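Here's the structure we're looking at; comments come further down.
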There are 2 protein chains.
Amino acid sequence: MADINFKDPVGGPAVATRPSAARQAGPDEPRWDIIELLFFAYRDFVGDADHVLETFGFGRAHHRVVHFVCRYPGLTVADLLDVLRITKQSLSRVLKQLLDEGYIVQKAGDSDRRQRLLFATAKGEALVEKLARLQTDRIAHALRDLGPGGGEAVGKFLRAMIDRDDPDKVLQTILQGDASVKDIAT
Amino acid sequence: MADINFKDPVGGPAVATRPSAARQAGPDEPRWDIIELLFFAYRDFVGDADHVLETFGFGRAHHRVVHFVCRYPGLTVADLLDVLRITKQSLSRVLKQLLDEGYIVQKAGDSDRRQRLLFATAKGEALVEKLARLQTDRIAHALRDLGPGGGEAVGKFLRAMIDRDDPDKVLQTILQGDASVKDIAT
DNA sequence: CCGTATATGTCAACATGGCTGACATAAATT
DNA sequence: AATTTATGTCAGCCATGTTGACATATACGG
């Protein structure tokens, strides 16, 4: 197999000169390093769950749904749509399967009986925890060799990467750091 | 709209008790915080590029291809398949479009003329830089308020999140921190 | 030189998970 | 009573992943 040669083609067509792979990024230079690290890190991060999900006949879409329902019991369908930013038709497909197979149950809202509050069953929670365990192991390993301030820096970085305009309810609780859970309960 | 109520349904069907949203994560507890922050951070990170790509009639798949070709000129098709971990048929669809529309050019390998070395054109590089600029702005903003060691911690964290078994050539250069580019050139 | 392996390309079919548009129902709201 | 809202559903389209089969050109080993 050929190597990455970092050269322009000899006598080839008009091509751009290569971006520096060895140069240090100055101020305002694209952060190629972080961009690519995010790609690879996220790929492997979700890959952990993907393998397990396959044995259940589920995909990533099912994971996201059952994860957030498990973590935020009583989430409504509308809330879930805000979090996932997909259409109700897309959600419906995977949600129906999770309901049919007993990973999630619905309950009509108390104050508004049109709403369908969603709850994970024990079965659903077991799946979520199995997947979270895999991902947590990877995270714990990645945090292990960071200094004491390293973990906080990573959390701070990730929070600052997230859009602040129009956060949904789940995102609000996450960004507020759990300090005021009751503040979002009207 | 209903609020996330963090309660079990009254008299509802058998559901699991809620995971703690307000409790601090102890050792060995799932890192719900990082798991969810990664989800939201990556969603918004790739969202930046998605909007621009739409105006070009391209998707994320096109971005990944032209990005890595631009960054690692002379990448072969096989190299690219290793990096993206997709099938050659999937790659072929988007690569063909990028070739047809003049974002990428091919050149037969020097030592092995079966190979198709890939290079971004000026047009391709302009697109990649436009997208990288957006993502870099987000990254720079997220790194801004971290202490001096914060940036290093983030890089170290992301590197440690990546699988080390069987890294492709691109990943090798990234993980080696650019110190020995020529080491990978046989 | 010949046979086999490799690098790439292509066709066809299929799965997942996004999307839009249209429409139905029940319950809340005015 | 009329309208709005929360949810569900049907039908079809698109992007992007998959597998399997097969073609071509080139490299390589005997």
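The values are calculated or read from the model by the stated rules, or taken from the named source; none is laboratory data. Everything quoted here is computed from the prediction, not taken from an experiment. Cβ coordinates were reconstructed from backbone atoms using ideal geometry, including for glycine residues, and neighbour counts include every protein chain displayed.
Within segment B:79-128, being among the polar types (S, T, N, Q), under 21 Å from B:Ala49 (Cβ atoms) and more than 11 Å from every other protein chain (Cβ to nearest Cβ) holds for B:Ser90, B:Gln97.
Identify all residues within segment B:23-48 that are more than 16 Å from DNA strand C (Cβ to nearest atom), more than 8 Å from every other protein chain (Cβ to nearest Cβ) and not charged (D, E, K, R); write none if there are none. The answer is B:Gln24, B:Ala25, B:Gly26, B:Pro27. Scanning segment A:50-87 for residues that are among the β-branched types (Val, Ile, Thr) and surrounded by fewer than 20 Cβ atoms within 10 Å (Cβ to Cβ), we see that the one that is farthest from B:Phe40 (Cα to Cα) is A:Thr55.
Can you spot a residue in segment B:13-32 that is in a helix (DSSP H, G or I), at pLDDT 95 or above and surrounded by 13 or more Cβ atoms within 10 Å (Cβ to Cβ)? Yes, that holds for at least one residue. Hey, can you tell me all the residues within segment B:131-155 that are assigned by TED's automatic domain parsing to the domain that holds B:Asp48 and β-branched (Val, Ile, Thr)? B:Thr136, B:Ile139, listed by residue number. Yes or no: A:Asp50 more than 26 Å from A:Asp110 (Cα to Cα), assigned to a helix (DSSP H, G or I) and more than 12 Å from the chain's Cα centre (by Cα)? The answer is yes for A:Asp50.
Of B:Asp163, B:Asp178, all but one fail to be in a loop (DSSP other than H, G, I, E, B), facing chain A (nearest Cβ under 7 Å), under 21 Å from B:Phe68 (Cα atoms) and at pLDDT below 85; the exception is B:Asp178. If you go through segment A:53-89 and keep only what is more than 7 Å from DNA strand C (Cβ to nearest atom) and aromatic (Phe, Trp, Tyr), you end up with A:Phe56, A:Phe68, A:Tyr72.
Test A:Gly147 against the criterion of being touching a Leu at 6+ places or on another chain (Cβ under 6 Å) and modelled with pLDDT under 95, and give yes or no. Let's see the steps before the verdict.
Numbers: touching a Leu at 6+ places or on another chain (Cβ under 6 Å): no; modelled with pLDDT under 95: yes.
Considered against the rule, which asks whether it is touching a Leu at 6+ places or on another chain (Cβ under 6 Å) and modelled with pLDDT under 95, A:Gly147 comes out as no.
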